[in-house]
Amino acid sequence: MLLTLRDYQRAAVDAVTPDEHRALLVSGCGTGKTLMAVHAVAKLLAGAPGTVLLTFPTLGLLEQTYQVWRGEAPMPFSALAVCSQQISDPEDIADDELPIPSTTSAEQLAHWLADTAGVRVVFATYQSAAVLVEAHRAFSAAAWTVMVCDEAHRTAGRRGKPFAVVLDDHKIPAAHRLFFTATPKVHARGSSPSRSSARPRRNAVASMDNQDLYGRRVFSLPTRDAIQRGILSPFKVAVIAVTDSAVASALKDVRLISLAAGEDGSARADHVAAAIALTQAADDYQLSSVLAFHNTIAASRDFAATFARTHALLRARGLVSDGREAHITHIDGGSPLRERKAAAEDTLGQHRPDQWNIVTNARCITEGIDIPALDAVFFAEPRSSDIDVAQAVGRAIRKNPNHDRPALIVLALTVDDSLDAETVIDISQFKKARQVLLALQSHDPSIGADLTRLWGTLGETGPGDSDSVHTDLVDILIPTDLPSELAEQFLRAFSVHTVDTLTQQWEDNFAALAAYAAAHGHASPPQQYTTADGRPLGQWVSGQRRAHGHGRMLPQRIERLEGLPGWAWNVVDARWETSFAALAAYADAHGHSYPPRTANLRLNQWVIGLRRPGQRQRLREDQRKRLEDLPGWSWAHRQTRQWESYFEELAAYAAAHGHASPPSGYMTAAGVDLGEWVRALRRPSRRAKLAHARKRRLESLPGWSWEYRARPTWGAAFDAVAAYAAEHGHTNPPGGEQTDDGRSLASWVTAQRQARSKGKLSAERCRRLEALPGWSWNLAEARWEENFAALAAFAATHRSCDPPPDYVSSTGASIADWLQGVRRAARAGSLSTERLKRLQSLPGWSPETRRFRAAWDENYDQLVAYADKHGHAAPGQHYRTASGMALGHWVSNQRAAYRTGRMARDFPDRIGRLEALPGWAWNTFDAQWERGFRELQAYCAEHGAATPGSKLVTESGHGLGHWVSDQRKKRRAGQLSEERCRRLEALAGWSW
């Protein structure tokens, strides 16, 4: 019996029309997009035979979709699966598990389409796109009647990636394309329709707001609307804190129990903490079905074993209040399809009063897979992709047929409750919470208001308040035996590192953008723009545009951004606003909208482009009006507009003075260089090109003459430059300096240098110029010397090479600005050896600014503190200090600087300071070896012998057993140094 479409599903099908060749439909996970697609295809086929192509990211989703088509399609059809010859995702099902025939041959596909009658439906993976392309190219397969791209966000991004082939109508032709997704991806670089040619340029980007690629968004069902209409479940995040002491106690007993049973006693501390947290969540929220996500198959499998032992231990201790048993199942890519279905449908579908169920996996239950009854999802680790998190959350918020309680997202965080704890929690753990909250925002932008309320609640929580926090969005459950001061510290850390970054950070960035707009006249900073305090404002603006394109922005934020001058939601409009702001500033300053090339070449070319034939019609009405409101704007090219305005100035001059021959250099009140304009008109070559009507108008002015007076002689210009040099001590006059008849001295000096480089300047003239004070044939060299001299003078007086911004050279150049480029070249190694030596001879020289040198010293102090506490200076790559400083990443950067020679060249003193720290190593592999050795020493001290099991993983997550085995292999291969062999042999119980 066919299902009846619900009203919103009917609305989606109605939105699809034969008139549109491409259409985008956005609807949340669990809203029945597969059923929408079945009936939309049937509508487009209109009862006639045809070919349908359905594309999916996985075979698992392909198989599930086929089952829906088999049961719900309103017309009979023949089916074929097309798979890739490449090795599939290990988490995917195998093609021999599909319920329909499959092929990897383009030729077989083409013959099947040609030889089969009626409606033919091909179920294909995106990975098999090459087979589809080959069927059209080599075997002349006909265009598809309808093509459906499921999980269509997988096609967005770089246009050259394999999944994006389905967008290209030349390679896979189709009369209609339908794109379905819950999480549309929008890229700022690809947001302009004008950028979407059929043949993508190199590095082109496919963005889902590009209607040429994805069509118009014909249907959208926001998650908040779906929840309010009862289509999806409301959701809540449960953050469950577990103390280190509870984990340590359980971990010890779990290992003993395992060893007593003759099993491997290894267990990860984070897995034990997760088992404790999940057990508490099942008790507190009456969970019956939980889906757990890990990043690897091995982690998922190990967690299943650890959970079973830990839960049994907790029940034995009487710590499971409702007494229920827990059943856990691990599935992965090696599990047969029937086992996966049993886990998704049977195990998670069970609701027994005496048992609750968990299915743990890495990636084989992700996008598109339907689970009919799910109470909660659990993230054991931060995911590598935010889209993966959003899709996994989508599994949870599907409507549960057994109850109306909110879907739960469970997170476990460990708390250090030792008396000497410096920090309550490792802040890297907060990444899970941030990812989940961001994923929820991707489903429902309105939770920004919930986050703000949570931020306020956490800010009001203080000593003596309730141990836990409960809001509509987040519950934070803290162990009852955790001291109040540690509980307060934990809540404060959660607020700072999770909620603050999602709320207050936006306000801070908005304030910075408002300040930028006030200073520049527009709110479109370049992508790489960074504020003075290091805020990457350009990247933040790009992020806001992407969020808006996804439909993931609060209405009040949209309104506030659009209220800024020159705000634009895509890059093309942003560039237009930036150029318009520059033109408006020029027009206000000069009274007209014709900026010359000399003022701003880029602006000049932009304005010329606006006035090209047909461009006016391409602009929006509001853009045309804003241009026409500028002072002196005209759609006419500059030559016509300028000539008329200049002629009016000349006529006024003639009326006032009785003649039309203003002297050289004469400027009108409007800033028109009338003397130069008249002199240029009289030049014979210009006169010959002048229209006859204009000649007559000029000749009608009183005192007009066509007599042309040439430029001053070389000698006269030389005398002017010599006079300037005698007064200023150099021969680099600024642009405003002129000869008596208005010729630019700077232009003349530049012309002499160019003439000499081309061999067109006589030896006598060269000698005269070289005799002038400060003359140089290489202007860049001369300016470098002037600036260096000014820096040397400052360094000699102040013993520092960090002059203030207002300290200038003899020619008025800012030495601080010059130093930025010099230091950049020094750090990049592009500065000549001679110049670098001269700079290094100055007192206080450094290729880094004072601020960066101070930052290095602060980071070094953090490393010293780490070494004092841990006995070595080799923090893990992802280690962060209590203040959030990425110390592990900083250490890696120091090693890179040493390896490339930059540290020896620029900061040789730093080498000695770092090498003085205990356990310092310049080589990452050396550092990893030292870490393994320290772990083995600790194990030996605790157990009396250096004999860990081959699969032992320490509480810090280090695979000690594997490391020990690796040392033995390296010794047999002659790859282990004698010094390391001796250190290992000195440990009690060591054996090769």
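For ALA198, work out the one condition from (1) at pLDDT 90 or above; (2) more than 21 Å from ALA37 (Cβ to Cβ) it doesn't fulfil.
(1)
Regarding GLU848, is this residue surrounded by 12 or more Cβ atoms within 10 Å (Cβ to Cβ) and among the charged types (D, E, K, R)?
Spelling it out, GLU848 is indeed surrounded by 12 or more Cβ atoms within 10 Å (Cβ to Cβ) and among the charged types (D, E, K, R).
Among what's in the stretch 865-891 and is within 16 Å of LEU917 (Cβ to Cβ) and loosely packed, with under 15 Cβ neighbours inside 10 Å, pick the residue that is modelled with the highest pLDDT.
ALA865
Condition check: farther than 30 Å from SER700 by Cβ, in a helix (DSSP H, G or I), among the aliphatic types (A, V, I, L, M) and under 40 Å from the mean Cα position of the chain (by Cα). Does LEU583 satisfy that?
When the stated conditions are applied, LEU583 passes them.
Could you tell me whether ARG827 is modelled with pLDDT under 80, within 26 Å of ALA886 (Cα to Cα), in a helix (DSSP H, G or I) and outside the structural domain of ILE911 (by TED's automatic domain parsing)? Working first, answer last.
Numbers: modelled with pLDDT under 80: yes; within 26 Å of ALA886 (Cα to Cα): yes; in a helix (DSSP H, G or I): yes; outside the structural domain of ILE911 (by TED's automatic domain parsing): yes.
Judged against the criteria, ARG827 is a match.
Conditions tested, residue by residue: (1) more than 30 Å from ALA716 (Cα to Cα); (2) assigned to a loop (DSSP other than H, G, I, E, B); (3) touching a residue at least 24 places away in the same chain (Cβ under 8 Å); (4) in contact with an Asp or Glu (Cβ under 6 Å, 6 or more places away or on another chain).
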| position | (1), (2), (3), (4) |
| --- | --- |
| ARG767 | no, no, no, no |
| GLY774 | no, yes, yes, no |
| ARG783 | no, no, yes, no |
| GLU786 | no, no, yes, no |
| PHE794 | yes, no, no, no |
| SER800 | yes, yes, yes, no |
| ASP806 | yes, yes, no, no |
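Go through the stretch 146-177 and give me each residue that's surrounded by fewer than 20 Cβ atoms within 10 Å (Cβ to Cβ), of a type outside the set (Gly, Ala, Ser) and touching a Lys or Arg at 6+ places or on another chain (Cβ under 9 Å).
Matches in the stretch 146-177: VAL165, ASP168, ASP169, HIS170, LYS171.
Consider GLY71 against the criteria (1) modelled with pLDDT of 90 or more; (2) farther than 19 Å from ALA174 by Cα; (3) not in a helix (DSSP H, G or I): it satisfies all of them except one. Which criterion is unmet?
Here GLY71 clears every test but (3).
Looking at (1) of a type outside the set (Ser, Thr, Tyr); (2) assigned to a loop (DSSP other than H, G, I, E, B); (3) touching a residue at least 24 places away in the same chain (Cβ under 8 Å), which is the one condition that is false for GLN877?
All conditions are met except number (3).
Out of the residues in the stretch 74-97 that are part of a loop (DSSP other than H, G, I, E, B) and aliphatic (A, V, I, L, M), state the one that is modelled with the lowest pLDDT.
Taking the candidates together, the pick is ILE87.
For the stretch 419-446, which positions are of a type outside the set (Phe, Trp, Tyr) and at pLDDT 70 or above?
GLN429, LYS431, LYS432, ALA433, ARG434, GLN435, VAL436, LEU437, LEU438, ALA439, LEU440, GLN441
What are the pairs, 6+ residues apart or on separate chains, where a residue within the stretch 151-170 that is more than 18 Å from HIS21 (Cβ to Cβ) and touching a residue at least 60 places away in the same chain (Cβ under 8 Å) has its Cβ under 8 Å from a residue that is of a type in the set (Ser, Thr, Tyr) and part of a loop (DSSP other than H, G, I, E, B)?
HIS153/THR183
Using the structure shown, decide if SER593 is within 25 Å of SER744 (Cβ to Cβ) and in contact (Cβ under 8 Å) with a residue 40 or more places away in the chain.
In short, yes.
Taking the options SER288, SER258, name whichever one is farther than 30 Å from ALA182 by Cβ, of a type in the set (Gly, Ala, Ser) and surrounded by fewer than 24 Cβ atoms within 10 Å (Cβ to Cβ).
After applying the criteria, what remains is SER258.
How many of the residues in the stretch 290-301 are more than 20 Å from VAL242 (Cα to Cα) and part of a loop (DSSP other than H, G, I, E, B)?
Qualifying residue count for the region: 2.
Report every pair of residues separated by at least 6 positions or lying on different chains whose Cβ atoms are under 6 Å apart, first residue within the stretch 551-573 and on the phi < 0 side of the Ramachandran plot and not assigned by TED's automatic domain parsing to the domain that holds HIS522, second at pLDDT 85 or above and not β-branched (Val, Ile, Thr).
Close Cβ pairs (under 6 Å, with a partner that is at pLDDT 85 or above and not β-branched (Val, Ile, Thr)) do not exist here.
Scan the stretch 447-465 and give yes if some residue there is modelled with pLDDT of 70 or more, among the small types (Gly, Ala, Ser) and not assigned by TED's automatic domain parsing to the domain that holds LYS236, otherwise no.
The answer is no; no qualifying residue exists.
If you go through the stretch 558-580, how many residues are part of a helix (DSSP H, G or I), crowded, with 17+ Cβ neighbours inside 10 Å and modelled with pLDDT under 80?
We begin by selecting, within the stretch 558-580, every residue part of a helix (DSSP H, G or I); these are 558-562, 571-580.
In the following step, the residues that additionally are crowded, with 17+ Cβ neighbours inside 10 Å were identified as 561, 571, 573-574, 576-580.
With modelled with pLDDT under 80 added as a condition, the list becomes 571, 573-574.
The qualifying residues number 3.
Consider THR900 carefully, then state whether it is hydroxyl-bearing (Ser, Thr, Tyr) and assigned by TED's automatic domain parsing to the domain that holds PRO875.
Answer is yes for this residue.
Among (1) in contact (Cβ under 8 Å) with a residue 12 or more places away in the chain; (2) under 41 Å from the mean Cα position of the chain (by Cα), where does GLN228 come up short?
(1)
Could you list, in sequence order, all residues of the stretch 302-320 that are under 26 Å from ASP354 (Cβ atoms), of a type outside the set (Val, Ile, Thr) and part of a helix (DSSP H, G or I)?
Hits for the stretch 302-320 are PHE303, ALA304, ALA305, PHE307, ALA308, ARG309, HIS311, ALA312, LEU313, LEU314, ARG315, ALA316.
Looking at the stretch 209-231, can you tell me whether even one residue there is in contact with a helix residue (DSSP H, G or I) (Cβ under 7 Å, 6 or more places away or on another chain), surrounded by 22 or more Cβ atoms within 10 Å (Cβ to Cβ) and among the small types (Gly, Ala, Ser)?
no
Test ALA716 against the stated conditions and say whether it is over 24 Å from GLU649 (Cβ atoms), out of contact with any helix residue (DSSP H, G or I) (no Cβ under 7 Å at 6 or more places or on another chain) and at pLDDT 85 or above.
Working: over 24 Å from GLU649 (Cβ atoms): yes; out of contact with any helix residue (DSSP H, G or I) (no Cβ under 7 Å at 6 or more places or on another chain): yes; at pLDDT 85 or above: no.
The answer is no for ALA716.
Among ASP283, ASP212, which is touching a strand residue (DSSP E or B) at 6+ places or on another chain (Cβ under 9 Å), in a helix (DSSP H, G or I), at pLDDT 90 or above and not hydrophobic (A, V, I, L, M, F, W, C)?
One residue alone meets the criteria, ASP212.
Results for (1) of a type in the set (Asp, Glu); (2) out of contact with any helix residue (DSSP H, G or I) (no Cβ under 8 Å at 6 or more places or on another chain); (3) surrounded by 19 or more Cβ atoms within 10 Å (Cβ to Cβ); (4) in a helix (DSSP H, G or I), shown as yes or no for each residue.
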| site | (1), (2), (3), (4) |
| --- | --- |
| PRO99 | no, no, no, no |
| ALA124 | no, no, yes, no |
| GLU134 | yes, no, no, yes |
| ALA138 | no, no, no, yes |
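The values are calculated or read from the model by the stated rules, or taken from the named source; none is laboratory data. Remember, predicted model here, so these are calculated numbers, not experimental data. Glycine also receives a Cβ, built like all others from the backbone with ideal geometry; neighbour counts cover every protein chain displayed.
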